[in-house]
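To start, the structure under review is shown below, and the notes come after it.
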Amino acid sequence: MPRNKLHFVKPKIRQQLIFTGIFLTFIPLFCVGLFALMQARNQMSVQMEDQVTSAALRVNSTIFDITTSLYTSIDPLLSSSYARKLFGVDSEPEDLSSYELVSNSLATMHSTTAAISSITIYTDNPNIPSNSNIVYINDNYSSLPWAEKTKNTSLNSWLCLTNKDSWDNSVYELAIVRKISLSSTKYSAYLEIRIDANYLKNRLLGSDYIVMASVDNTPTFYSSDRSWLQKKIPFPEDFNNEYYQYTGPIIINDKKLLCNIVTFLPYKTDNKFYICVIDPNAYNNLNRITLTYIVILIIATLFPIILIVLFSSYFNSRIQTLRIAMHKVSLGDYNILKMLKGDDELTEIFNDLNTTVEKISEKEAKFYKSQLDEQQLINKQQHMEFKMLASQINPHFLYNTLEMIRMQALATGNNDVVTSIKLLAKSMRYVLENTGTDSTTLYDELEYVETYLAIQKLRFGDRINYSIQYPPQLDLDKYKILPLLLQPIIENSVIHGLERTKISGLVIINIILLEHDKLRIEVSDNGLGMDDDRLNGIIERINSASLDSVVSIGLYNINQRIKLFYGTEYGVTITSCPNIGTTVALTIPAIVNKEDL
């Protein structure tokens, strides 16, 4: 990877840390927090509904107690015989004791009952004198607000009536109108008792809720919010059920409010009372508390994420620092930071990297020094070789001289000399052309070996014979080989294997193409051979460069050339048997000449 692109690698570890933190921290915490938030919101909602319901029941109970108390307090008067006779007489009563008794009872009830703002008996009997509590009506009750209800012969109802206070403001009062049973059917009388609005207000106040009360399907007779007086209760559902109850939200002026509406049947009347208690701030408070919880939940969930992001950034920066340092080392640049912040495994890895770099630097310094020493030695050897070459005969001069001798021998008809000089010149040309090179074709190498054997045959005659064997399909020009690799082996076979024998010597060169693209070249002779001790000694020396034998030195050089050039899996093997012969085998890779591809 190019160094200038190193910083553009995606920080995968950072992404993994953030993802793991979100998956293991944020999601569970958020889910638990959201569940707790919903549970808390539901509990608060239920608690608010319970509080509104309790307030409605309190108001319900209060009005029921007031109405029941008033109703039962006037029962003795309405059921008394003197009242029934008084308002049913056909002439002016001679005995006013009943009249005074009724008047005093009404006055006493008015003065002793704080809930009553007024108590009046209306009658159409002209024989009954009027006073503050007894009023004669001569228009068939048409001037009274409940005149229509007099058509009901058994009028016994709670009504919402209007009155004026001392400041001439309209006041809405709850009143009960009851028909008095008379001894005569010629006349009629009705008792009207009005509940004081201030008294009702004092009894019902005591909370921040909006409280409304109405009788039947009529406007409210009481409301803690004056704007709702004489307006109908905002029923969200059908209220005709006998025991109507509702707890939940209502929409008033596009605002969502929490309300509770309950119904009760008053004592011994056919009316229905509807009590409505509204908490105007319930949903605002609930939403505000919920929003507060949401903010707390977001902070509680984001805080660990922020910590995870910061930690992942810090951890990733340390990973990147370590990675950059390792990348520089891989490119051979050992100038890396000496310290990595932190006290964990990454710091230990970085310290180990520094230690490794220092050791590599020391080894490279030693290696460079050894290379310098080796180069100096090579330079000295080359200088010596240059001096030696300078003192040698120019090869062109040697070729020209040999050609001149060959021509003289040809002129005299000495064909053996001509052949010898020709083979010698060919052999020397091959050696000089391949000196300093590392590659030749297998065909050229075998041709050089054949030239060498031809020279030896001129020397020894029929005592030296040779054979080069290879498969017909094997193209010798196709494969490459190190030059001058076979001649020393063949020379050993001739000198040490065949020269001291009296039998007809034979050197066989066998080329075998092995599996896995390997070549095996076997040089066999039928010479003296070797016993096991001598053979093992030679094998040991060709692997350790012992200088006590010319044979082992030549084989050692060949073995080392093969291993250094092709690899340690290749090399030289020797097998021998006394009086039968010796076989030296070379294993090399079957390298194909690129020109033949």
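The values are calculated or read from the model by the stated rules, or taken from the named source; none is laboratory data. All values reported here derive from a predicted model rather than from experimental measurement. Don't worry about glycine lacking a Cβ; one is built from the backbone with ideal geometry, like all the others, and counts go over all protein chains shown.
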From the set of residues in region 277-309 that are in contact with a Leu (Cβ under 7 Å, 6 or more places away or on another chain), closer than 30 Å to residue 58 by Cα and of a type in the set (A, V, I, L, M), which is surrounded by the fewest Cβ atoms within 10 Å (Cβ to Cβ)?
282
Of the residues in region 464-487, those that are surrounded by fewer than 16 Cβ atoms within 10 Å (Cβ to Cβ) and assigned to a helix (DSSP H, G or I) come to 477
Looking for something more than 60 Å from the chain's Cα centre (by Cα), surrounded by fewer than 21 Cβ atoms within 10 Å (Cβ to Cβ) and assigned to a helix (DSSP H, G or I) - is there at least one such residue anywhere in region 496-514?
yes
Determine whether region 67-78 contains at least one residue that is over 60 Å from the mean Cα position of the chain (by Cα) and of a type in the set (Asp, Glu).
yes
Hey, could you check region 515-543 for residues that are exposed (fewer than 13 other Cβ atoms within 10 Å of the Cβ) and outside any helix (DSSP H, G or I) and say which is modelled with the highest pLDDT?
531
Tally the residues that are within 15 Å of residue 55 (Cα to Cα) and out of contact with any Leu (no Cβ under 9 Å at 6 or more places or on another chain), restricting the search to region 258-276.
6
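This table checks each residue for (1) farther than 29 Å from residue 66 by Cα; (2) of a type outside the set (A, V, I, L, M, F, W, C); (3) touching a helix residue (DSSP H, G or I) at 6+ places or on another chain (Cβ under 7 Å).
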{"position": "248", "(1), (2), (3)": "no, yes, no"}
{"position": "255", "(1), (2), (3)": "yes, yes, no"}
{"position": "270", "(1), (2), (3)": "no, yes, no"}
{"position": "276", "(1), (2), (3)": "no, no, no"}
{"position": "287", "(1), (2), (3)": "yes, yes, no"}
Scanning region 310-337 for residues that are without any contact (Cβ under 8 Å) to a residue 12 or more places away in the chain and farther than 23 Å from residue 355 by Cβ, the one surrounded by the fewest Cβ atoms within 10 Å (Cβ to Cβ) turns out to be 310
Among (1) farther than 30 Å from residue 316 by Cα; (2) touching a Leu at 6+ places or on another chain (Cβ under 9 Å); (3) not assigned by TED's automatic domain parsing to the domain that holds residue 155, the one test that residue 29 misses
(1)
Here's a check for you: in region 319-341, which residue that is part of a loop (DSSP other than H, G, I, E, B) and basic (Lys, Arg) is modelled with the lowest pLDDT?
338
Identity of the residue in region 79-100, surrounded by 15 or more Cβ atoms within 10 Å (Cβ to Cβ) and among the hydrophobic types (A, V, I, L, M, F, W, C), that ends up nearest to the chain's Cα centre (by Cα)
83
